[in-house]
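The values are calculated or read from the model by the stated rules, or taken from the named source; none is laboratory data. Just so we're clear, the structure is a prediction, and the values are computed from it rather than from any experiment. No Cβ is skipped: glycine too gets one built from the backbone with ideal geometry, and neighbour counts run over all protein chains shown.
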Amino acid sequence: MKILTGNDLKTGDVIWWAGDTRWSRHLADSVDAGDEAEAILKREEAARRVNVPYVVDGKQTDQGPMPLHIKERIRAFGPTVRTDLAINTSIPIVKV
Amino acid sequence: MYQYDQYDQAMVDARVAEFRDQVRRRLDGSLPEEEFRHLRLKNGLYLQLHAYMLRVAIPYGTLNSKQMHMLAHIARKYDKGYGHFTTRQNIQYNWIKLEDAPDILAELATVEMHAIQTSGNCIRNISSDQFAGAAADEIADPRPWAELLRQWSTFHPEFQLLPRKFKIAVIASPSDRAAMRLHDIGIELVKNDAGVLGAKFFAGGGMGRTPMIAPMIREWVPAEELISYAEACLRVYNRHGRRDNKYKARIKILVHEIGADEYRRQVEEEFAHMKTLGLDPPAAELERISAFFRDPPFEQGLSDDIDRSDPDFAVWVDQNTHPHRVPGYTSLTISLKPAGGIPGDATAEQIDLMAELARDYAFDELRVTHAQNIVLAHVRKADLYAIWQKLDDAGLATANLDLIGDMIACPGLDYCSLANARSIPVAQKISERFADTGRQRELGELKLKISGCINACGHHHAGHIGILGVDKKGLENYQLLLGGSGAEDVSLARIVGPGFDEDGIVNAVETVTNVYLGAREPGERFVDTYRRIGMQPFKEALYG
Ligand code: SF4
């Protein structure tokens, strides 16, 4: 699946595309952008909702949509060394 | 400590106003990210893995308690209650909101601080010896010269768009505590036979993708011409440094490609020209700057005796203090490397406490070290026990300076968008494995340095033991390097062999320390034994 991500322009928060014009701080809300990915990115960046958005490869897992690369999983859930700051500690970040 | 005059303050205030307007325009859409990016970077604002990251400049690592309290305040009000002290003697905040950045810079400006030139292709924060003005072995105080270089390099119109970033270090003692020769320019203040102060210049050092030790470019530059000579070094680089290839753009590549002799020849030519321009500051200006760095009112005739009846305290004193040139005083290093902790991180409460200790016991001054610790440079030995008790209560009394637990680690993949692998968990596991202070002391001085990618912010090339995180087909992998040093015995570490996974690298570190323990001769540090016996015994133990 194609997951769209970027940072909220004002706050810098990591956000995930959740369909239409919606962006969420929770990876679980993300939806597959499929072939539309690039077009959606252009549209959303122009609308200034998201800063430097890009596409990441992911897959559906028991725990919801999950990026394939560890870097994106760390972005999604927070630093592995500060689980007190993590967004969702129940998901193992390092391996999927 | 240096204090801003009206020009310094006006410049910083104007920059805050300018950046506030730039942020406003970014948020209202009139400035696209492509244009805004280099403006925010010029103000130390990166976009990192989780949010914006702000790097605040701490000139040559020196700050007062008011400034340190401000750093705690920013951690508390605008971040998540902590900050990360870096190998450039600066501090970084990991969770900054763009909309808050102008207010943060405005608050910093009220205590003579900023984030100018902490990023971008310009001259970065000048680094120096954390024991400057205190060390028993220094021949002069490097801080006035570091301050002069700071003023010269800040907003220098010719050097705002260099081929790449540029790092300068100034030291003034035979012991190099600032990794001076691994800088783009390293300056060592020296005295000639007549006792006159001058500077030895090294150029073309650096770590990163292509590590190089800076060759000496000039053995003696008269101190009063130091700025002209630095300007000449920069001009030659600015003219010929490669702008076509980011990876070949640092001065080290230029000096390597044309050779130190040719680089020197061109610098001499430029220097002869620079001297006609009257660029160096008049003696009165040097005197004005130097006056800020006069000795604090040291008490005379203090005893050097310390009550060592508390054994934990005695170990900490032995490990974390450094000889001071005034009897009865010492320079104290507060380790930010507790076992299992995150190297260089401190909470707002810890930052406040260190500020209070500086105010109460250390003439209101603190230093950040390139090894990510905090120094109180002038402390009465008689006050050490009281300080130790307060540090201990706050989890800041780890007795491991220069031991394996006192490792450098960059933020790595937990925070950094350029990373290939995480550094911090590796640091934590190693420091837990070697948590026993007695075991660490048995190993003796051992500089372990970890970077999460080839950019080498964690100085892995300069580690007695270095660790480099790499991406191996999407998985984190760690290469082990041995034999580096950033000190006066400078050398570059070499890769031992195939990399390891996270647990494997921790075991590998233990294995090489065991080889050392088995092979060392009396008085040898890890790196000495390595230099004597070579790589092979370590390789055999690791790979069979
Ligand atoms: S060494 Fe690499 S991973 Fe570490 S802080 Fe520097 S750029 Fe980031």
Out of B:Gly483, B:Gly518, B:Gly469, sole residue that is more than 24 Å from B:Gly412 (Cβ to Cβ) and modelled with pLDDT of 95 or more:
B:Gly518
Here the residues within segment B:69-104 that are outside any loop (DSSP other than H, G, I, E, B) and either aromatic (Phe, Trp, Tyr) or within 18 Å of B:His370 (Cβ to Cβ) (or both) are B:Leu71, B:Tyr78, B:Tyr82, B:Gly83, B:His84, B:Phe85, B:Ile91, B:Gln92, B:Tyr93, B:Trp95
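Just one of B:Gly518, B:Gly497, B:Gly523, B:Gly483 is closer than 23 Å to B:Arg441 by Cα and touching a helix residue (DSSP H, G or I) at 6+ places or on another chain (Cβ under 8 Å); which is it?
Details: B:Gly518 fails: touching a helix residue (DSSP H, G or I) at 6+ places or on another chain (Cβ under 8 Å); B:Gly497 fails: closer than 23 Å to B:Arg441 by Cα; B:Gly523 fails: touching a helix residue (DSSP H, G or I) at 6+ places or on another chain (Cβ under 8 Å).
Among B:Gly518, B:Gly497, B:Gly523, B:Gly483, only B:Gly483 is closer than 23 Å to B:Arg441 by Cα and touching a helix residue (DSSP H, G or I) at 6+ places or on another chain (Cβ under 8 Å).
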In segment B:467-479, is there at least one residue being more than 12 Å from the ligand (Cβ to nearest atom) and within 21 Å of B:Asp402 (Cα to Cα)?
no
Scanning segment A:42-72 residue by residue, the ones that are under 27 Å from B:Pro411 (Cβ atoms) and more than 10 Å from every other protein chain (Cβ to nearest Cβ) total 11
How many residues are free of Cβ contacts under 8 Å to residues at least 60 places away in the same chain, assigned to a helix (DSSP H, G or I), under 25 Å from the mean Cα position of the chain (by Cα) and farther than 16 Å from B:His273 by Cα when one looks only at segment B:219-263?
6
Please work out which one of (1) farther than 26 Å from B:Arg20 by Cα; (2) within 20 Å of the chain's Cα centre (by Cα) is the condition B:Thr118 fails and give its number.
(1)
Take A:Thr11 and tell me if it is part of a loop (DSSP other than H, G, I, E, B), hydroxyl-bearing (Ser, Thr, Tyr), more than 30 Å from B:Val426 (Cβ to Cβ) and more than 9 Å from every other protein chain (Cβ to nearest Cβ).
no
Kindly indicate whether B:Tyr361 is without any contact (Cβ under 8 Å) to a residue 40 or more places away in the chain and either among the hydroxyl-bearing types (Ser, Thr, Tyr) or within 16 Å of the ligand (Cβ to nearest atom) (or both).
yes
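Could you pull out the residue among B:Gly444, B:Gly395, B:Gly341, B:Gly328 that is over 22 Å from the mean Cα position of the chain (by Cα) and within 26 Å of B:Arg76 (Cα to Cα)? So that I can check it myself, show each step before the final result.
Numbers: B:Gly444 fails: within 26 Å of B:Arg76 (Cα to Cα); B:Gly341 fails: over 22 Å from the mean Cα position of the chain (by Cα); B:Gly328 fails: within 26 Å of B:Arg76 (Cα to Cα).
Of B:Gly444, B:Gly395, B:Gly341, B:Gly328, the one residue that is over 22 Å from the mean Cα position of the chain (by Cα) and within 26 Å of B:Arg76 (Cα to Cα) is B:Gly395.
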Given the condition without any contact (Cβ under 8 Å) to a residue 60 or more places away in the chain, among the aliphatic types (A, V, I, L, M) and away from chain A (no Cβ under 14 Å), answer yes or no: does some residue in segment B:453-466 qualify?
no
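Does segment B:498-511 contain any residue that is in contact with a Leu (Cβ under 6 Å, 6 or more places away or on another chain) and within 16 Å of the ligand (Cβ to nearest atom)?
Initially, segment B:498-511 is screened for residues in contact with a Leu (Cβ under 6 Å, 6 or more places away or on another chain), giving B:508, B:511.
Pick out the ones that are also within 16 Å of the ligand (Cβ to nearest atom) and you get none.
No, there is no match, as no residue in segment B:498-511 is in contact with a Leu (Cβ under 6 Å, 6 or more places away or on another chain) and within 16 Å of the ligand (Cβ to nearest atom).
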Quick check, is B:Gly458 under 24 Å from B:Gln319 (Cα atoms) and within 13 Å of the ligand (Cβ to nearest atom)?
yes
Those residues of segment B:390-426 that are touching a strand residue (DSSP E or B) at 6+ places or on another chain (Cβ under 7 Å), more than 9 Å from chain A (Cβ to nearest Cβ) and more than 9 Å from the ligand (Cβ to nearest atom) come to a total of 7
Filtered residues of segment B:1-48 (kept if away from every other protein chain (no Cβ under 14 Å) and touching a Cys at 6+ places or on another chain (Cβ under 8 Å))
B:Lys42
